[in-house]
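Below you'll find the structure, written out as structure tokens, and then a few comments.
The values are calculated or read from the model by the stated rules, or taken from the named source; none is laboratory data. Every value quoted in this text rests on a predicted model; they were computed, and no experiment measured them. Cβ: placed from backbone, ideal geometry, glycine included. Neighbour counts: every protein chain shown. Remember, those area values only see protein heavy atoms, side chains included, never the ligands or the DNA or RNA. Shrake-Rupley method; radii C 1.70, N 1.55, O 1.52, S 1.80 Å.
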There are 4 protein chains.
Amino acid sequence: MHIGFLGLGNMGGPMARNLLRAGHSLTVFDLSSAAVAGLVEAGAQAATSPAALAQTDVTVIITMLPAASHVKGVYLGENGLLANVRADVLLIDSSTIDPMSAREVAAAAAKHGNPMIDAPVSGGTGGAVTGTLTFMVGGSDADFDQAQPILAAMGKNIVLCGASGNGQAAKVANNMLLGISMIGVSEAMSLGVSLGVDAKVMAGIINTSSGRCWSSDTYNPFPGTMDNVPSARGYSGGFGTDLMLKDLGLATEAAKQARQPVLLGAAAQQLYQTFSQQGHGELDFSAIINLYRKQEACA
Amino acid sequence: MHIGFLGLGNMGGPMARNLLRAGHSLTVFDLSSAAVAGLVEAGAQAATSPAALAQTDVTVIITMLPAASHVKGVYLGENGLLANVRADVLLIDSSTIDPMSAREVAAAAAKHGNPMIDAPVSGGTGGAVTGTLTFMVGGSDADFDQAQPILAAMGKNIVLCGASGNGQAAKVANNMLLGISMIGVSEAMSLGVSLGVDAKVMAGIINTSSGRCWSSDTYNPFPGTMDNVPSARGYSGGFGTDLMLKDLGLATEAAKQARQPVLLGAAAQQLYQTFSQQGHGELDFSAIINLYRKQEACA
Amino acid sequence: MHIGFLGLGNMGGPMARNLLRAGHSLTVFDLSSAAVAGLVEAGAQAATSPAALAQTDVTVIITMLPAASHVKGVYLGENGLLANVRADVLLIDSSTIDPMSAREVAAAAAKHGNPMIDAPVSGGTGGAVTGTLTFMVGGSDADFDQAQPILAAMGKNIVLCGASGNGQAAKVANNMLLGISMIGVSEAMSLGVSLGVDAKVMAGIINTSSGRCWSSDTYNPFPGTMDNVPSARGYSGGFGTDLMLKDLGLATEAAKQARQPVLLGAAAQQLYQTFSQQGHGELDFSAIINLYRKQEACA
Amino acid sequence: MHIGFLGLGNMGGPMARNLLRAGHSLTVFDLSSAAVAGLVEAGAQAATSPAALAQTDVTVIITMLPAASHVKGVYLGENGLLANVRADVLLIDSSTIDPMSAREVAAAAAKHGNPMIDAPVSGGTGGAVTGTLTFMVGGSDADFDQAQPILAAMGKNIVLCGASGNGQAAKVANNMLLGISMIGVSEAMSLGVSLGVDAKVMAGIINTSSGRCWSSDTYNPFPGTMDNVPSARGYSGGFGTDLMLKDLGLATEAAKQARQPVLLGAAAQQLYQTFSQQGHGELDFSAIINLYRKQEACA
């Protein structure tokens, strides 16, 4: 299949490579010529603009962009995809943006005769490289069925969450919970340890009790409790605090529009913002535990 | 073995019965004569006061009391256990109280020549009846080894958390995390649903993603997502909101004494307090989701 | 002076009347023909569109619109003001919007050769009628000097807050503090009363102590402590909960863009949202105290 | 009049001196012999213990102690005041403690035939020295009338807040509001400044608008906005963060016992705790603004 791919960053780059590896023909675009060159070397063709890409004979276009403003620009702009693409070409946006913007773009696509799904991912750059991402998809059953085999080249878990925008809704709701849980684990671990419990013992209790959660049993923020997680290597790598902050911003914005209270979600956003303001936005988000521990506060 | 047991309430009653069932000889005390009568019928002997119980030839005394004030009264009072018990009798307090109070009583016991452990439980009245409680134990290795076979008659998971008070510390830290997680799941589920995602789909996404936790995959608060949990039966049964509130009160009090910030823990306490003040303290704590959902707020 | 005025709602209507009263010539526009008819009766001329209004010989245009999307549409749209107005006409936006949007529109105006200030107001519909509004102005000194005598017909307190957008910044920061203070007073009054202190005594203590604030000494939320405030009349009139919610949404959005933590500001937003979701969005914002008082929760 | 005074610290010392200055005869006690010596030099007599002091012919005893545990010890202990004092001696506790403990001690005093009032103060060490404290009194009208002239030697504002414990209740409620307001002002000032508004302009807007409060117009936390306040001198002097933390601990504890939600009060407590844990507990509480400002976070 001939697929167009826009946005070849840390996530989009390896995703595009997996499509090539699966035997698809690829035309790509990115503002970074280095990123484009890398893909061309791997067998893709380069387009000189979104419009030019849209005017090829691709049957599917996938976008992986930083924020809603980019997505709106690329799809709805004067020289954007919708103004240039043939009707019926399937549009897949894998960017993480707010559900309302996703619905706005999908509605414009529908008006133009293009099926469109939102398909944000989880699994990080690691999952993008190994092709084991989770896709949370919003769109019709038919569009999901069409997209499924293509997404399967890049991920192993592809879930339909309902109509347009629901992929984004499911992702921001899950990630808001993740942001809350990580702080909850940070507080519980810090409290147990400050009361005299050994950190490994505390983690063991939690992991076999009602406090059990992914942030505790798979990604524990307390140094020394687990190997091969960011807390074991000074919080390098992983999912950055500022990326968590972006997702919590999307979640609270979506909540505001839906008039839905999210008290702990908003508190979590502010705590990561506080930690980021103190200069730690690049650290993995589990480093938030340092906000709770004396010796680390001003390291 | 001849064991003394004080406190025959919803938890203590079935725990004492399991000790009888395991073949132990039991002398019991409770302020409720009905509770005592039930145990006597099951084979226990009755003592007329804590002092009288302490003066028998028991080699172990177990207490299961509502709060630290009761524990201090029963152990440290003029006619209390320490004033009357032989040295060397092993003292086991399974009440849930703050770690500092637990350490204060254990220190007094040590002065009197009595080994003592704190051994609060999780698992609820169901676990008390079926003998499948988890015991979180604070005390020395030797005292833990002595207590272990006795506790095994009442629970299946018996964990040493370190020195005196650490059983309480581990429990309040875990339960604080549980209280936070349940609100986090309530917010994430409510947000997803208010954005248009089906509740079962949303729960499925969370349970296979980084938001996964006990509150979501084992005890989901959103009605219709699971069977055999309080949310499936109008939030009856389970672990009451006011009991969660008690544990969060212990956690924030312990945090205050340890000078440990617990921002989400304190927020969770206040949210359950708000919900309780609105008249819902008797409902299972997962009913906190109703604070977030329009149609249920004033039902 | 010939002035154009767009947006004749609860605030804009009386503001425009005060301009007429001060002897100015007025051309007005609103989507509601009834609102326009009212002003015409009072002596204004009607324009049939923003473009038509812009093409008259007005030397100043004032806008008073509900949200940033309307402001952007009216100023930047294809048939909007900037596309039709003469250079040098002074543009005054009195809408309450986020500072970044205000700066975006002012920059577009500058490019077109039009001086522009943001001049949001406080003082409510009462102040609009009596011409006693406070204007918080963002713009250059020269533009402020030009606008000052015009604004003086509608308000009595006209403050320059710095460059473009700073009027909005000052307003959202002040109103965020107001939203926090009102909840703080609600909690302190409720706590004092629940501990046994008479409400009037408690208010008296606060008003002569370090807790003194406008929310306590001028607008106390506890019924029976003051006359002529919303709490004395079932929370009717005043500044609606949903309007406070809008301002807190602007404040937290501006904080997000500035990467500035506002932990209590975000908590306040969520508490008003919770109260609004329970069906009380139309009540004066001081009714938030009912979230803290048993007997009122589900009235 | 012959008055007994226990507790000669930063507050009690100058208060006792003001009683001497007013012509009263004084017998004092403190664990610090240096503190006692200072008062003896000023004309007081020394007692060797609380019991010895109680056995003199004092007609009034005033206590100024650090916490409820000390108050209970001094009044209720075996060698304490109640066990040794004549009936009818008026007891005045000016310590700041929780209302429930105040009521417990007053009830014990009543049983023993002693009138007792709680009379916590505000005004700080400065007010103690200059005799301009505010006394918030809980007790009967008759006891208040008897105490009034004595308190007038130490303060200028003496307010009856209702029955026993209400002085404490009024104080903790007011100070909780103060703790919230100071954070609210810190957030609003930081937000305004981070959006580009000059700090003095921002303070001016707040002080003439609905955000006006003591924390803004009398004790502004933003450096450079006011003279003669802690923010003008590196946050030295004033009311320490750890003292605010103590009062917020009393407020949330009293709220817990009264089953009264205080969401922002609890959040404020946690934020001061976070700031204290970072090593700033000795700074004036208005330094909390540094939690919100990048350049100061790790100074």
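Values for this structure:
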quantity	calculated
Yes/no for D:Leu243 being open to solvent by 30 Å² or more (accessible area, probe 1.4 Å), of a type in the set (A, V, I, L, M, F, W, C), under 25 Å from D:Val193 (Cα atoms) and under 19 Å from the mean Cα position of the chain (by Cα)	no
Pairs where the first residue, in segment A:115-127, is more than 14 Å from A:Gly240 (Cα to Cα) and the second is in a strand (DSSP E or B) and of a type in the set (Phe, Trp, Tyr), C-beta under 6 Å, 6+ apart	A:Ala119/A:Phe135; A:Val121/A:Phe135
B:Val89 more than 22 Å from the chain's Cα centre (by Cα) and not assigned by TED's automatic domain parsing to the domain that holds B:Ala173	yes
Selection within segment C:151-164 - more than 7 Å from chain D (Cβ to nearest Cβ), open to solvent by less than 40 Å² (accessible area, probe 1.4 Å) and not hydrophobic (A, V, I, L, M, F, W, C)	C:Gly155, C:Ser164
All positions within segment D:203-221 that are closer than 15 Å to C:Cys161 by Cβ and surrounded by 22 or more Cβ atoms within 10 Å (Cβ to Cβ)	D:Ala203, D:Ile205, D:Ile206, D:Ser209, D:Gly211
Total residues in segment A:12-36, condition farther than 24 Å from A:Arg86 by Cα and open to solvent by 40 Å² or more (accessible area, probe 1.4 Å)	6
Among the candidates A:Ala153, A:Ala163, residue that is part of a loop (DSSP other than H, G, I, E, B), small (Gly, Ala, Ser), over 16 Å from B:Gly204 (Cβ atoms) and in contact with a helix residue (DSSP H, G or I) (Cβ under 6 Å, 6 or more places away or on another chain)	A:Ala153
Answer residue from segment C:272-282, given it is out of contact with any strand residue (DSSP E or B) (no Cβ under 9 Å at 6 or more places or on another chain) and open to solvent by 10 Å² or more (accessible area, probe 1.4 Å) and is farthest from the other protein chains (Cβ to nearest Cβ) among those	C:His280
Test: residue in segment D:175-182 that is open to solvent by 50 Å² or more (accessible area, probe 1.4 Å) and either among the polar types (S, T, N, Q) or at pLDDT below 95 (or both)	no
Qualifying residue in segment B:62-85 (condition: farther than 14 Å from B:Leu6 by Cβ, surrounded by fewer than 22 Cβ atoms within 10 Å (Cβ to Cβ) and in contact with a strand residue (DSSP E or B) (Cβ under 8 Å, 6 or more places away or on another chain))	no
Residues within segment D:252-266 that are within 7 Å of another protein chain (Cβ to nearest Cβ) and either in contact (Cβ under 8 Å) with a residue 12 or more places away in the chain or open to solvent by less than 20 Å² (accessible area, probe 1.4 Å) (or both), tallied	8
Test: residue in segment D:212-223 that is part of a helix (DSSP H, G or I) and away from chain C (no Cβ under 11 Å)	no
Enumeration of residues in segment A:99-133 that are of a type in the set (Lys, Arg) and more than 12 Å from chain B (Cβ to nearest Cβ)	A:Lys111
Test: residue in segment B:51-59 that is touching a helix residue (DSSP H, G or I) at 6+ places or on another chain (Cβ under 9 Å) and at pLDDT 95 or above	no
Of residues in segment A:37-53 being crowded, with 17+ Cβ neighbours inside 10 Å and in contact with a strand residue (DSSP E or B) (Cβ under 7 Å, 6 or more places away or on another chain), the one nearest to A:Asn10 (Cα to Cα)	A:Leu39
Residue that is more than 15 Å from D:Met64 (Cα to Cα) and buried (at least 24 other Cβ atoms within 10 Å of the Cβ), where the choices are D:Ala128, D:Ala110, D:Ala170	D:Ala170
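Here's the yes/no breakdown for (1) part of a helix (DSSP H, G or I); (2) closer than 25 Å to B:Asp217 by Cβ; (3) not assigned by TED's automatic domain parsing to the domain that holds A:Val129:
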| residue | (1), (2), (3) |
| --- | --- |
| A:Ala188 | yes, yes, yes |
| A:Asp242 | yes, no, yes |
| A:Ala255 | yes, yes, yes |
| A:Arg259 | no, no, yes |
